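Submitted below is the structure of interest, expressed as structure tokens.
Every number in this text was worked out from the coordinates using simple rules, so none of it is lab data. Because the structure is predicted, anything quoted here is derived from the model rather than measured. Here the Cβ positions follow ideal geometry from the backbone for every residue, glycine too, while neighbour counts run over all protein chains shown.
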Amino acid sequence: MDVMLPVQDGEVWAEDSGGAGRGGLPLVLLHPGVGDSAVWDPVLPLLAPGHRVVRYDARGHGRSPAPTAPYSQAEDLAAVLDRLGVGRAVLVGSSMGGATALSLALAAPERVAGLALFVPGVTGAEGLTPPGFFEEVGRLAAAGDMEGIVRLGLRIWGRAGGGTPESDPVAAAQLRGALPGWFAAAGRLREDAPAFDRLAEVRAPALVALGEQDQAEVVRCNEEMAARIPGCRLVRLAGCDHYPSLRVPQAVARLVDEAHAAAASAA
């Protein structure tokens, strides 16, 4: 079932496979800022048997309309869960989606049974983008060179695919499609409360998977995040960059299944 769901001063597109799911715990897939919910397409068929799987597009991404008012990613996630009748879930977040999952785990721990975080971001961490990145994006945007931004992004986040649109058309399409969401969020997205210095408060069973070919700043941050989250399992994905669901979907699905089993055991 796919549906447009109302959120505060807006709406988002969501897809829900339905059913109860294993152990009554649905999986909720949260996409990165460098893509939309279609980034999970290679993983979804591997998760669907036996799981209730929910995914949605953040505002301005994929099939969700651009924001027209201030909004919070974590508040939108909570609204999606409410609208779909999901009281508690295992959150599977990639990059931006990982940051959203952690924000909800701290704000409403009773709603988060487990965390599977792939190349995750986190609010409150500094230095997650290379020096001069935003200035270069601004220069390219002012020149109307969206393909230049795509090429810049792939050099940073898409190394495992060759780092160019020609060598990696699927990741390039994901990044290209995300750009309107980047610009639509400017001045409207309210960053959720800083979480980096509160990671020791996370109580849900957690897994952090980093990509060994990912941006160096993200790799270092992911290592520190795993060290700060109590009992967190750290996994290193060889040959993987900032698009794990595109690069190693079978490994991602296996890790999600393992995270779900850990959450069900702890429940």
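When the chain is fully extended, how far beyond the present Cα-Cα distance does R233 get from A48, taking 0.36 nm per residue of separation?
Details: separation 185, 0.36 × 185 = 66.60 nm, distance 2.38 nm.
Separation in residues times 0.36 nm, less the Cα-Cα distance, equals 64.2 nm.
Moving to a separate point now. Can you list, largest first and rounded to whole Å, the semi-axes you get for the range 133-185 by taking the square root of 5 times each eigenvalue of its Cα gyration tensor?
After diagonalising the Cα gyration tensor, the semi-axes are 18, 12, 9 Å.
Something else about it: Rounded to whole Å and sorted largest first, what semi-axes of the equivalent ellipsoid does the C-alpha gyration tensor of the range 38-87 yield via the square root of 5 times each eigenvalue?
Details: eigenvalues 107, 47, 9 Å².
Ellipsoid semi-axes (Å, largest first): 23, 15, 7.
Please work out the Kirkwood hydrodynamic radius for the range 1-102, using every pair of different C-alpha atoms, and report it in angstroms with one decimal place. Working shown, then result.
Working: mean 1/r = 0.0743 Å⁻¹.
Final number for the Kirkwood radius of the range 1-102 is 13.5 Å.
Taking a quarter of the surface of the Cα convex hull of the chain, what do you get in nm²?
Numbers: hull surface 49.7 nm².
For the chain, the mean projected area of the Cα convex hull comes to 12.4 nm².
Would you kindly state how much longer the chain becomes between E258 and E147 on full extension, computed as 0.36 nm times their sequence separation minus their alpha carbon distance, in nm to one decimal?
Working: separation 111, 0.36 × 111 = 39.96 nm, distance 3.81 nm.
Computed gain between E258 and E147 is 36.1 nm.
Now, a different point. Give me F134, F196, F118 ranked fewest to most by other Cβ atoms within 10 Å of their Cβ, as a rough exposure proxy.
F134, F196, F118
Next up: Rounding to the nearest 10 and keeping the result within 0 to 90°, find how far the Cα-based axis of helix 249-266 lies from the longest principal axis of the chain.
40
First select every other residue whose beta carbon is under 15 angstrom from the beta carbon of E191; then total the charges, Lys and Arg +1, Asp and Glu -1. Walk me through the intermediate numbers first.
Numbers: positive: R59, R188, R190, R198; negative: E75, D76, E126, D192, D197.
Residues close to E191 contribute a combined charge of -1.
Which order do the peptides 147-157, 206-216 take when ranked by the mean count of other beta-carbon atoms within 10 Å per residue, highest first? All intermediate terms of the calculation are to be shown ahead of the outcome.
Values: 147-157: 19.5, 206-216: 21.4.
Packing proxy ranking, top to bottom: 206-216, 147-157.
Here's something else I'd like to know. Provide, in order from the shortest bin, the percent of all Cα-Cα pairs of the range 139-234 in each 10 Å bin, continuing until the bin that contains the maximum pair distance.
The calculated distribution, bin by bin, is 14, 31, 33, 20, 2.
Now a separate question. Show me, for the range 228-243, the HN-Hα J-couplings you get by feeding each phi into the Karplus relation (A = 6.51, B = -1.76, C = 1.60, θ = phi - 60°), rounded to Hz, glycine and proline as x.
7, 7, x, x, 5, 8, 9, 10, 9, 9, 5, x, 10, 10, 8, 10
How far is helix 133-142 tilted off the main Cα axis of the chain, in degrees rounded to 10, range 0 to 90?
Helix 133-142 sits at roughly 60 degrees to that axis.
Using the number of other C-beta atoms within 10 angstrom as an exposure proxy, rank M1, M225, M96 with the fewest first. Intermediate results must be reported in sequence, preceding the final value.
On the way: M1 9, M225 25, M96 21.
Result, fewest neighbours first: M1, M96, M225.
With a 10 Å Cβ neighbour count serving as the proxy for reagent exposure, in which order, fewest first, do D41, D168, D241 appear?
Values: D41 13, D168 22, D241 25.
Ascending number of Cβ neighbours within 10 Å: D41, D168, D241.
Where does helix 96-107 land angle-wise versus the long Cα axis of the chain, in degrees 0 to 90, nearest 10?
40
Per residue of the chain, what 222 nm ellipticity follows from adding -39500 (n - 2.57) for every DSSP H run with n ≥ 4, rounded to the nearest 500?
Details: 9 runs with 101 residues, N = 267.
Per the formula, -11500 deg cm²/dmol.
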